[in-house]
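See structure below.
The values are calculated or read from the model by the stated rules, or taken from the named source; none is laboratory data. This structure is a prediction, so every number in the text was calculated from the model and none was measured. All Cβ positions, glycine included, derive from the backbone under ideal geometry; neighbour counts span all protein chains shown. Just the protein is used for accessible areas: all its heavy atoms, side chains included, with ligands, DNA and RNA removed. Shrake-Rupley method; radii C 1.70, N 1.55, O 1.52, S 1.80 Å.
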Amino acid sequence: MRPFELTAPATVADALGSSGTFLAGGTTLVDLMKLDVLTPRHVLDINGLPLRGIDTGDGLRIGAPELLADIAAHPGVYPVISRALLLSASQQLRNMASIGGNLMQRTRCTYFRDVTTPCNRRDPGSGCPAITGANRMHAVLGTSEACVATHASDVAVALVALDARIRLAGPGGERVVALADFYRTPGDTPQHEHDLRPGELITEVVVPRLDWAAHSAYVKVRDRQSYEFALCSAAVAVDVRDGLVADARVAAGGVATVPWRLTAVEAALRGKPATEESFTAAAALAIEGAKPLAENAFKLTLLPRTIVRALLEVTEGSR
């Protein structure tokens with residue numbers, strides 16, 4: 001790890017007026033600093049900023065520094081969010097990591113994290129060895145010739161499914177951005193992973209009120225049951241009335257370069273019986289446009305099955 005200066009601004013204005021890299025839990029940033037993937041000269045500890053709080057009065061509002069463990073245990077947090085948080089990391093990490101930092105975490109692609117190898121995200125124009133290399137964990141959706149790395153966050157998948165927004169504070173004032181629009185697929189510029197502008201800070205996560213999101217689930221398939229990143233995951237919420245799906249929200253993780261909203265699957269579910277047959281037919285649409293690599297074609301089978309499993313879990317009492 002290279003030398004750096006650490007300061008702790010007392011106000012949001014102080015933080016925005018200082019040039020540096022923001023740190024809350026540090027569970028991703030410190031790792032990458034140790035590997036020399038990130039080498040900030042000035043780190044700003046934002047834990048003392050007055051941004052904390054969880055409000056479930058009308059929808060859900062979460063201050064960006066709130067810890068994953070506290071959010072998961074909070075009454076009124078939708079099950080899909082709570083479950084995604086509980087499956088996202090070990091208890092020790094959940095006690096340290098913040099929701100804002102989790103949404104900003106970098107990919108776990110081994111080539112990105114190894115500074116001795118090329119990586120277009122880390123060193124634009126150097127190449128993407130994952131395309132022809134070890135790519136079992138990599139994406140099949142939203143990829144490009146420049147990058148095939150998956151997005152690492154579990155809870156981002158749940159939040160995208162529920163139309164969450166994030167509030168950003170920056171030198172130019174505040175703005176609110178839909179989380180689904182915040183993340184960028186790699187295209188020709190994989191180094192630009194999101195829409196965070198220079199000097200901006202995530203201050204709050206806002207989830208609109210959705211009463212039937214009480215019927216929701218997050219299913220994560222991974223190589224081991226303990227702390228591990230997803231091979232495939234599905235976040236679903238379903239509104240079943242008189243045996244028919246009135247509405248649904250579906251998003252996938254572990255298979256795409258960003259949290260992947262599956263609007264075609266949602267549309268195919270609406271108006272159909274809440275049965276395994278209907279779920280299977282709708283879930284088959286999840287792999288439209290997928291581009292498998294040499295070692296991850298199994299995700300084309302795994303993704304629809306994971307979605308069906310999540311849908312069956314949510315609607316068990318309605319069928």
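Here are some notes:
- Filtered GluC sites (Glu not before Pro), segment 212-297: DSSP coil and at most 16 other beta carbons within 10 Å: Glu228, Glu288, Glu295
- Amide H contacts of Val240 (H built 1.01 Å from N, in plane; Pro and chain starts excluded): Ala246 sit under 5 Å, all sequence-distant by 5 or more or on other chains.
- Of the trypsin sites (Lys or Arg not before Pro) in segment 217-289, the ones in a loop by DSSP (not H, G, I, E or B) with at most 11 other beta carbons within 10 Å are Arg224.
- Taking amide H as placed 1.01 Å from N in the peptide plane, the amide H of His194 sits under 5 Å from that of Arg184, each at least 5 places away or on another chain.
- For the chain, projected area of the alpha-carbon convex hull averaged over all directions, nm²: 15.8
- Calculated diffusion of segment 242-287, Stokes-Einstein form, Kirkwood radius summed over Cα pairs, 25 °C and 0.890 mPa s, µm²/s: 224
- Sites Glu288 and Thr116 - FRET efficiency at Förster radius 41 Å, r taken between beta-carbons, to 0.05: 0.65
- Approximating the spin labels as points 7 Å out from Cα along Cα→Cβ, the Glu295-to-Arg222 distance works out to 1.9 nm.
- Measuring max minus min along each principal axis, the C-alpha atoms of segment 34-119 give extents of 49, 28, 22 Å (largest first).
- For Lys34, a cut-off of 18 angstrom between C-alpha atoms picks up these aspartates and glutamates, skipping any fewer than 8 places away in its own chain: Glu5, Asp45, Asp114, Asp123.
- Between Glu276 and Ala178, the FRET efficiency estimated from the beta carbon spacing at R0 = 25 angstrom works out to 0.20.
- Between Arg305 and Thr189, the FRET efficiency from the beta-carbon distance, with R0 = 35 Å, is close to 0.55.
- Percent accessible area from carbon and sulfur atoms, segment 270-311, protein chains only, probe 1.4 Å: 57
- Whole-percent carbon and sulfur share, accessible surface of segment 15-103, 1.4 Å: 50
- Global geometry of segment 239-319, whether rounded, prolate or oblate, following the gyration tensor of its Cα atoms and the 1.5 cut on a/c: prolate
- Estimated distance in nm for a label pair at Trp212 and Glu145, the labels positioned 7 Å out from Cα along Cα-to-Cβ: 4.4
- Taking a straight Cα-Cα cut-off under 26 Å and skipping sequence neighbours fewer than 8 places away in the same chain, the lysines within cross-link reach of Lys291 are Lys220, Lys299.
- Helix-only arithmetic for the chain: the sum of -39500 (n - 2.57) across DSSP H runs with n ≥ 4, divided by the residue total, places the mean residue ellipticity at 222 nm at -6000 deg cm²/dmol.
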